[in-house]
Amino acid sequence: MKWSEFFVTGEPLIYAADVAIVLTIIGIVFVLTYFKKWKWLWNEWLTTVDHKKIGVMYIICAVLMLFRGGVDALLMRAQLTAPNMKFLDAQHYNEIFTTHGTIMILFMAMPFIIGLMNIVVPLQIGARDVAFPYLNALSFWLFFFGAMLFNISFVIGGSPDAGWTAYFPLAGNEFSHGVGNNYYAVALQISGIGTLMTGINFLVTILKMRAPGMTLMRMPMFTWTILITCVLIIFAFPVLTVALALMTFDRLFDTQFFTMANGGMSMLWANLFWIWGHPEVYIVILPAFGIFSEVVSTFAQKRLFGYKAMVGSIVGIAFLSFIVWVHHFFTMGAGPAVNSAFSITTMAIAIPTGVKIFNWLFTLRKGKIRFTTAMLWSLAFIPNFVIGGVTGVMLAMAAADYQYHNSYFLIAHFHYVLIAGTVFACFAGLHYWYPKMFGHILNERLGKWTFWLFMIGFNICFFPMYFLGLMGMTRRMYTYSAGLGWTPLNVVATVGAVLMGIGFIVLCYNIYYSARYGERDMTGDPWNGRTLEWATASPPVHYNFPVTPVVEDVDAYWVMKKKYGGFHVKEEDLKPIHMPSNSGRPFWMSVAFFVAGFGLVFKWFALAIVGALFIVIGLILRSFEDDDGYHIPVDEIKRMERAARKGA
Amino acid sequence: MPLEYRTQESRLNILGFWIFLGAEVALFATLFATYLVLFQRTGSGPTAAELFEVKDVLIETLLLLTSSFTCGLAIFEMRRGRMSGLIAWLLVTLLLGVGFITVEIREFIHYVHEGATMQTSAFLSSFFVLVGTHGAHVSVGIGWMILIIIQLLQRGFTPKTARKVFIVSLYWHFLDVVWIFIFTLVYLLGMVI
Amino acid sequence: MGANGHYESFPWKHIIGFLLSLVLTFAALWVALSSGLPLKAVIVIIVLFAIIQASLQLFLFMHVNESDSGKVQTFNMVYSFFIAVVVVAGSIWVMQFVL
């Protein structure tokens, strides 16, 4: 392979990126060495099995990926602001919309949600950690190295360029020779394995490790949504695993799954991809619904309205989300019977979500509303998501969809549900649980600036796109002609995107500013919360609870505060606490996955085998593992509890 | 209560493994879906009826089914606290499993020699990947079982080793359950259509 | 002792499971290759036999419903079967237009 094929050449922006990457690596190494933090990094972060730290790492990655995905978006908007612009050529535009979509869904939304899940769920159910802490660490590092592999593609070898949906035959060897789509197949596979493990881990955790007295119908709503999300993950991700494997076989080993000759069926890819893809969008939206339930209830200072209906609707979504997938390709030609059936199921799945919207509105009604930043994000979600949702029902009508499909109408729809749904929830969750994560509160003034800039910018950017779609502008086009009348709305959209970018910068400044000057959370319960995570210190001691709380009703901590004045622990009740040991194996096994993956991407099979060998060694060592953790003695628990409560 | 269920960690691990098996059902379902959509698309290559032979399929099925039975006997011995019986039946299970893999590899090599490779047609791609994935799972199971046997010999009977044996037995049984569907939907179906 | 307290003195469940599995296997073989039934009937019968054999093995070999997580484990397998049917039948139905 020539150097010019290995490194991406000929593009000044890419060379600038190369320099930036090298400088960043040097910078990180220098800072760690100068401040003598290598051991700290290894002991506290790279080998941790603590769900709270793992959650923080997921969220840091998600915010970084939000930056990268956002830059991709701004590049696209720059190119489309005026007709016939030459800022990005077609090939680069294709790579950028591909990485934008893949990163935002799989490497931004998923880790943000999984990060919040990690931090919050064990605390909300009164547990000390998840069921499988080692597996949890492995999940994170697999995600991390899968994301790493995907991210280096733009400087080494070339990015995938067939869209985040990677349809065949475009994504096959004939039309996409080169390593770009190999990165797609392999990196997503590695991260996907991590996600599947998370699904299993949290399902067992929620089913088996709830505090005594917390029946399923007394769980916080966020935990309920995570339970159902895990069910979706467990049954949907294996479909992606197979689809990506078949793609890998076609691209690397010349099999005939999705080819155009010898019996291959290109459209089978779309079918398999969306059998996973539809549950995937519910995987990113259900936790968002859970976050909104928590925030709305807390800042309306009212119990969530219609708990049973909320549970019923998410269970309904668990079934329905697996039987709607064809609505992603109504125009592929499956015929009126198939299209009609899936049209009906798609319209049906709007109903449970509608139920939830009414329940949130009724929760707000007659509540004492506090307009914190988290609450603002949640309030904005309701009208904005509903716009996305009703346009979804429009798209659900198969015959009408022949007009909307793959136009900017579709783009507007899914950005309305994804951003107003998932991204707003992530911001709300970040503000809401930030004190629990870091011990200080994000600045409210800066938070509100971010909110208004981003939320208004989002509407300015995406609302015009509904009309651009109706005017005929198609998705994934790198430029357009002058006389079509599309230019004014495209200019407007770009202005909106810039506002969103500024909002993001304010958020980053907020994170820095609050770390330095932010108000510390001394009580562990800055919002007068209702659920058990607020019964711990901020941040919690690493074992979470000195004794396992006993739950008496929904909104367990609220009830505790009303009846007993809080969560009180008698020192006589303390017993030694068993904790799992740290391990470096999840980290280096994931490095081995990266090496093997890199080898597969470039078809350097010797390297792939070396990586695979180390994975097997890791598995064997794990099988023989004798370390069963350690116990924290009662004296140390007393000491840590007193230190945590100091200043409360 | 059997030894393998006696610690909380063990109960979590066993449940976790059952959930993992649910995910494996989804995985194999996708492979079956792919196979059933593609198996009549033979391009210029051979059809299932032209390739499959009843004898081989029957031998493979009987080897794997019997190995699932002997695996169950191993757990039975374990629950009665009989280490020698446990290890003996595990070894028989292993040997039957190795026999299965041997026959299957021979079957694949035979097809390749007839010019039917996984690159030949969509039918053959999906056949080799579906049945090959199952075979790869069985091979991993053989390696895993060997590791467990070593641990049993080194560490004896503990709740931990009992749990590990139980979990690998679940895995092994599951692979025979999948084979039932391969036997039915790949081989039998291929020989009648 | 079985997990639910039943004393197993002889592996009856396993022997019955094994014998029934053998019967179903050979029966399916006969139906497919020697019975002379129409194709659709053959397919329905052999798939039914497969489902029965799989269920037998789940209960008799794997003890899917034992332990205090027995209900969860059983529901998990039932749900996964639902997913399998949706994925397999759904894919065949949807992709029929190309076949």
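Computed values, structure above
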{"read-out": "All positions within the range A:130-156 that are over 22 Å from residue A:67 (Cβ atoms) and modelled with pLDDT under 95", "value": "none"}
{"read-out": "The range B:140-160: number of residues that are open to solvent by 10 Å² or more (accessible area, probe 1.4 Å) and either within 11 Å of chain C (Cβ to nearest Cβ) or assigned to a helix (DSSP H, G or I) (or both)", "value": "13"}
{"read-out": "Unmet criterion (only one of (1) modelled with pLDDT of 95 or more; (2) more than 7 Å from every other protein chain (Cβ to nearest Cβ); (3) open to solvent by 80 Å² or more (accessible area, probe 1.4 Å)) for residue C:7", "value": "(1)"}
{"read-out": "The listed residue being within 28 Å of residue A:266 (Cα to Cα), touching a residue at least 40 places away in the same chain (Cβ under 8 Å), in a helix (DSSP H, G or I) and under 26 Å from the mean Cα position of the chain (by Cα), out of A:381, A:409", "value": "A:409"}
{"read-out": "Residues within the range B:22-47 that are out of contact with any Phe, Trp or Tyr (no Cβ under 6 Å at 6 or more places or on another chain), more than 7 Å from every other protein chain (Cβ to nearest Cβ), more than 20 Å from residue C:62 (Cβ to Cβ) and buried (at least 20 other Cβ atoms within 10 Å of the Cβ), tallied", "value": "2"}
{"read-out": "Residue satisfying condition, being in contact with a Ser or Thr (Cβ under 8 Å, 6 or more places away or on another chain) and within 21 Å of residue A:258 (Cβ to Cβ), within set A:196, A:170", "value": "A:170"}
{"read-out": "Residue in the range A:245-268 that is least open to solvent (accessible area, probe 1.4 Å), counting only those that are within 17 Å of residue B:30 (Cβ to Cβ) and more than 10 Å from every other protein chain (Cβ to nearest Cβ)", "value": "A:247"}
{"read-out": "Output for the range A:31-52, where each listed residue is loosely packed, with under 11 Cβ neighbours inside 10 Å and out of contact with any Lys or Arg (no Cβ under 9 Å at 6 or more places or on another chain)", "value": "A:33, A:34, A:35, A:36, A:39"}
{"read-out": "Tally, over the range C:82-99, of residues that are open to solvent by 10 Å² or more (accessible area, probe 1.4 Å), facing another protein chain (nearest Cβ under 7 Å) and part of a helix (DSSP H, G or I)", "value": "5"}
{"read-out": "Residue list for the range A:162-178, restricted to those being surrounded by 24 or more Cβ atoms within 10 Å (Cβ to Cβ) and either within 27 Å of residue A:122 (Cα to Cα) or not small (Gly, Ala, Ser) (or both)", "value": "A:168"}
{"read-out": "One residue from B:61, B:70 being surrounded by 18 or more Cβ atoms within 10 Å (Cβ to Cβ), more than 22 Å from residue B:166 (Cα to Cα) and either more than 14 Å from chain A (Cβ to nearest Cβ) or under 14 Å from the mean Cα position of the chain (by Cα) (or both)", "value": "B:61"}
{"read-out": "Pairs where the first residue, in the range C:66-93, is at negative phi and the second is at pLDDT below 95 and open to solvent by 30 Å² or more (accessible area, probe 1.4 Å), C-beta under 6 Å, 6+ apart", "value": "C:66/C:4; C:74/C:65"}
{"read-out": "Only one of C:20, C:37 that is in contact (Cβ under 8 Å) with a residue 12 or more places away in the chain and more than 8 Å from chain B (Cβ to nearest Cβ)", "value": "C:20"}
{"read-out": "Any chance residue A:149 is of a type in the set (A, V, I, L, M) and closer than 17 Å to residue A:103 by Cβ", "value": "yes"}
{"read-out": "Verdict on residue A:146 being closer than 30 Å to residue A:478 by Cα, away from chain B (no Cβ under 14 Å), open to solvent by less than 10 Å² (accessible area, probe 1.4 Å) and touching a Gly at 6+ places or on another chain (Cβ under 9 Å)", "value": "yes"}
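Yes/no matrix, rows are residues, columns are (1) open to solvent by 40 Å² or more (accessible area, probe 1.4 Å); (2) over 27 Å from the mean Cα position of the chain (by Cα):
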{"position": "A:497", "(1), (2)": "no, no"}
{"position": "A:508", "(1), (2)": "yes, no"}
{"position": "A:514", "(1), (2)": "no, no"}
{"position": "A:533", "(1), (2)": "no, no"}
{"position": "A:538", "(1), (2)": "no, no"}
{"position": "A:549", "(1), (2)": "no, yes"}
{"position": "A:563", "(1), (2)": "yes, yes"}
{"position": "A:597", "(1), (2)": "no, no"}
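The values are calculated or read from the model by the stated rules, or taken from the named source; none is laboratory data. Worth saying up front: this structure is predicted, and the values here are computed from it rather than measured. Note that each Cβ is placed from the backbone with ideal geometry, even for glycine, and that neighbours are counted across all protein chains shown. Keep in mind that these areas ignore ligands, DNA and RNA; they rest on the heavy atoms of the full protein, side chains included. Shrake-Rupley method; radii C 1.70, N 1.55, O 1.52, S 1.80 Å.
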